[in-house]
């Protein structure tokens, strides 16, 4: 179960981890977006040769590696949010509401068409 | 302040949003990693021509767009975790502990060198 | 048919295009790698909800959009090579030779296993 | 100097390399875009903590690693083009012409503003 103490604790531990190592100098938002996309690319690499079915039934060792890449993506996302003063959960709530407008159920059901091409 | 109700609520709302639109068929982990990296790429695009300094002082409209890309990354990360049965906060905690071993303060302080090249 | 005049002409036209617009100031290698990955992400986006089979039989309009993303990736790759003084074709030849060593036919045939995990 | 024999030879060698290893089964366009973005992410990783200035003066060993990532991006781009029947140089020429329309020198000179936001 995800809870506030753990997410807030994570963000704080991350800030301390970075400060202890004097790494804040490298953590410009520009650099953090680069680190984030690099980790997202590593995540993709685990899945690139898999069939869709294989991707839903990962061997234990692959799943463990994927878990670490997911971790890296979240860590850099949290650092980026920290530096920009953005609340990612609040942002995600706003985006979901926007998506509800862009993809009304009646029009979007069962279709992967992007909103700007939905009739 | 980030709290559990909001993150759990988000993940549940997301699951319902997807189910209502019969989109689960598209949400194989393979596809979700693609969507995630595509959003990470959109996030990078906002910063690609900025100097490090500019990236830390975004104009209001750019910041708003960046907030929506951050939201998209988090939404796809949560969907991926949902499908794989991975707790991203727990994973991030594990990765931070691993990073503490790979980057001892004495060796890593002030240096951006990757762990496998640290003396 | 790909030929030297066209690739060299392309790289030169690109250099002139950038110079005319006084854009060289934005074309640090750092920025160019960001632009490249952002375009690669846009390329991925066209395929993220497709099945493997659908990806091999693109509708005409999607194929046209994909062609433009491929173009963007090549353009930024050529700019990056121009700034770094790297010949991408020579580099690719070297990498292919390295791959032949890492993936001997006898061991690698029919397998998608990465070289560092091949027995 | 880049020339046709080398690029065509490269594409042909790549096709043979893949066939010898019975890897064509993994090379759906969908998978190839994933491999491409993963390599673009590895390219970005080499630059993520560098300043713009450092990125223009890479140490010899970093430059060698970057050369191999550039190679990987080109190799997967060529495979993707091969499978889709797209000529990347022709595509890039078309995109450059489109960019000339989107970014007239008078409007775009010295500005990094995206075309859809240029006055």
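The values are calculated or read from the model by the stated rules, or taken from the named source; none is laboratory data. Because the structure is a prediction, the values reported are computed rather than measured. Positions of Cβ are generated from backbone atoms using ideal geometry, with glycine treated the same way; all protein chains shown enter the neighbour counts.
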**Asked** Can you find a residue in region D:97-111 that is in contact with a helix residue (DSSP H, G or I) (Cβ under 8 Å, 6 or more places away or on another chain), within 14 Å of chain A (Cβ to nearest Cβ) and not in a loop (DSSP other than H, G, I, E, B)?
**Response** no
**Asked** residue A:22: over 21 Å from residue B:9 (Cβ atoms), assigned to a loop (DSSP other than H, G, I, E, B) and out of contact with any helix residue (DSSP H, G or I) (no Cβ under 6 Å at 6 or more places or on another chain), yes or no?
**Response** yes
**Prompt:** Residue check, residue C:19 against (1) buried (at least 16 other Cβ atoms within 10 Å of the Cβ); (2) under 30 Å from residue D:54 (Cα atoms); (3) more than 12 Å from chain B (Cβ to nearest Cβ), all met but one. Which one?
**Reply:** (1)
**Prompt:** Just to be sure, is residue C:80 at pLDDT 95 or above and crowded, with 16+ Cβ neighbours inside 10 Å?
**Reply:** yes
**Asked** What are the residues in region C:52-61 that are out of contact with any helix residue (DSSP H, G or I) (no Cβ under 7 Å at 6 or more places or on another chain) and under 12 Å from residue D:30 (Cβ atoms), if any?
**Response** C:53, C:54, C:57
**Request:** Starting from residues that are free of Cβ contacts under 8 Å to residues at least 40 places away in the same chain and more than 7 Å from chain D (Cβ to nearest Cβ), keep the ones in region C:67-87 and report whichever is nearest to the chain's Cα centre (by Cα).
**Result:** C:69
**Asked** Within region B:88-109, which residues are within 20 Å of residue A:67 (Cβ to Cβ), over 17 Å from the mean Cα position of the chain (by Cα) and surrounded by 15 or more Cβ atoms within 10 Å (Cβ to Cβ)?
**Response** B:99, B:100, B:103
**Request:** Taking residue A:6 as the residue in question, decide whether it is over 19 Å from residue D:34 (Cα atoms), in a helix (DSSP H, G or I) and at pLDDT below 95.
**Result:** yes
**Asked** Does residue D:41 satisfy being within 30 Å of residue B:28 (Cβ to Cβ) and exposed (fewer than 14 other Cβ atoms within 10 Å of the Cβ)?
**Response** no
